[in-house]
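J.: Take a look at the following structure, please.
Here, each number is a calculation from the coordinates, and none is a lab measurement. Since this is a predicted model, take the numbers as computed values, not measurements. Methodologically, a virtual Cβ is constructed for each residue, glycine included, from the backbone with ideal geometry; neighbour enumeration extends over all protein chains shown.
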Amino acid sequence: MKESRKKPFIAIGAGVILLTVLFLALTDDGIWDGKEGTGSRVTEKKKVVFLTKSMDSSFWQSAYAGASAASAEYNLDIVCEGPEGDGEEDYEAQNAMINQAIRENVDALLFSAIDFEKNAEAVDRAAKAGMKIVVVDSSVDSDATEYYIGTDNYETGCMAGEEVLRNSSEKLNIGIVNFDKSTENGQLRENGFRDTVLQDERVDITASINVKSTVADAREGTKKMLQENPQINVIATFNEWTTLGVGDAVEALGIGDRTQVIAFDSNVKSIGMLEKGNIDALVVQNPYAMGYLGIEQIYTLLSGDEPKKKEIATSSILVNRDNMYEDKIQKALFSFEEKTKSRE
């Protein structure tokens with residue numbers, strides 16, 4: 001009798017244990033898929049989208065590498081993406097990607113805006129949906145952003161201007177090739193450059209053009225500018241794509257030996273232009289740090305902490321043929337780059 005009465009209680013006890021396990025496994029704050037947690041109870045990783053101006057540039061590949069390293073350290077699920085193609089013009093594609101992130105209930109957005117104004121509405125929608133938003137490199141006209149990480153763009157423009165003023169020519173006839181006026185960082189760089197060079201009475205800003213942020217548009221715009229203003233002996237330009245276009249134009253016209261070119265960013269091709277003499281100096285930013293620090297700040301926000309300040313300025317250096325082979329400069333020019341996964 002005693003043995004037969006024990007069996008139902010054993011069965012009931014086992015059933016209670018099984019139901020408890022199932023309850024814990026199915027509650028909102030615990031799932032059994034091995035993603036994250038202590039013991040057998042785990043929680044979903046927070047989802048982050050790093051949305052940049054393009055996928056193909058060396059600048060953004062370096063930023064992706066920094067963001068991926070930080071996401072591994074802070075155990076975040078990150079997707080790095082941006083518009084395809086040569087250039088940084090497709091703000092509509094960025095807005096579509098933000099809308100997709102909203103539909104996928106992404107927790108945070110690390111973002112670099114192509115258009116200061118036209119990306120703002122989509123960013124506002126993302127914030128309203130509950131996303132934490134941190135901006136790197138290029139800001140957006142939205143109060144929903146919680147942090148900015150990037151170059152001090154005005155100061156780097158001043159840095160480029162100071163390099164021009166080291167030119168010993170009696171007259172500095174300057175041509176400016178900038179990218180889209182709707183992108184804030186380019187305008188700040190130009191402002192810093194102008195404010196610096198115009199302090200010197202040798203300077204005349206002979207021509208100033210804005211082109212699409214593509215190699216082809218920068219190349220053709222520069223050729224036309226130089227053909228119309230052959231007295232130009234200095235050119236300043238302010239991002240990776242325009243740097244390559246200006247360098248191509250200077251080489252095609254055969255004027256590298258008599259034209260000083262001050263440009264921005266670095267990749268294998270622009271470094272070759274520097275060695276060859278079609279570019280004379282590069283202002284090199286630190287995109288790896290932008291990506292890494294951006295994810296670090298997102299982790300802080302997702303943890304419920306308030307930022308101690310609202311922005312971080314990352315470092316930049318000026319590289320010319322005199323210093324380009326120094327160890328410190330080589331590390332900046334050939335920083336680690338890694339392609340990270342993108343949404344299919």
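J.: Provide the FRET efficiency to the nearest 0.05 for the Asn229-Glu73 pair, computing r from the beta carbons and using R0 = 41 Å.
T.: My answer for the efficiency is 0.20.
J.: On to the next question. Short version: ³J(HN,Hα) in whole Hz for each residue of region 302-316, in order, from phi by Karplus 6.51 cos²θ - 1.76 cosθ + 1.60 (θ = phi - 60°), x for Gly and Pro, what are they?
T.: 5, 7, x, 8, 8, x, 6, 9, 9, 7, 10, 9, 7, 7, 9
J.: Per residue, what volume in Å³ does the convex hull of the Cα atoms of region 80-129 enclose?
T.: 73 Å³
J.: Under the definition of Cα pairs under 8 Å and six or more residues apart, what whole-number percent is the relative contact order of region 153-284?
T.: 26 percent
J.: Now for a different question. Excluding same-chain pairs closer than 8 in sequence, count the lysine pairs in region 153-284 whose Cα atoms lie under 27 Å apart.
T.: Summing the qualifying lysine pairs gives 15.
J.: For a quick check: sort Trp60, Trp241 by the number of other beta carbons within 10 angstrom, fewest at the front.
T.: Trp60, Trp241
J.: While we're looking at this one, here's another question. Put +1 on the Cβ of every Lys and Arg and -1 on every Asp and Glu Cβ in region 153-284; which of Val261, Ala216, Gly272 then has its Cα farthest towards the positive end of the dipole?
T.: Ala216
J.: Then there is this: If you add up the charges near Asp152, with Lys and Arg at +1 and Asp and Glu at -1, over every other residue whose beta carbon is less than 11 angstrom from its beta carbon, what do you get?
T.: Spelling it out: positives minus negatives among the neighbours equals -1.
J.: Taking 20 Å as the cut-off for C-alpha to C-alpha distance, list the pairs among Lys118/Lys308; Lys132/Lys309; Lys47/Lys132 that go past it.
T.: Too far apart for the 20 Å limit: Lys118/Lys308.
J.: List every residue whose amide H lies under 5 Å from the amide H of Val234, counting only residues 5 or more places away in sequence or on a different chain, with H placed 1.01 Å from N in the peptide plane.
T.: Amide H neighbours of Val234, under 5 Å, 5+ apart: Asn173, Gly175, Gln260.
J.: When Cys158, Cys80 are ordered from fewest to most other Cβ atoms inside 10 Å of their Cβ, what list results?
T.: Cys158, Cys80
J.: What ranking do Leu226, Leu109 get, fewest neighbouring Cβ atoms within 10 angstrom at the top?
T.: Listing Leu226, Leu109 from fewest to most nearby Cβ atoms yields Leu226, Leu109.
J.: Within region 210-243, what residues put their amide N at less than 20 Å from the label point 7 Å along the Cα-to-Cβ vector of Arg321?
T.: Zone members listed by number: 232-237, 243.
J.: Here is a follow-up. How would region 153-284 be classified by its alpha-carbon gyration tensor: rounded, prolate or oblate, with rounded meaning a/c under 1.5 and the a/b versus b/c comparison settling the rest?
T.: Here region 153-284 falls in the rounded category.
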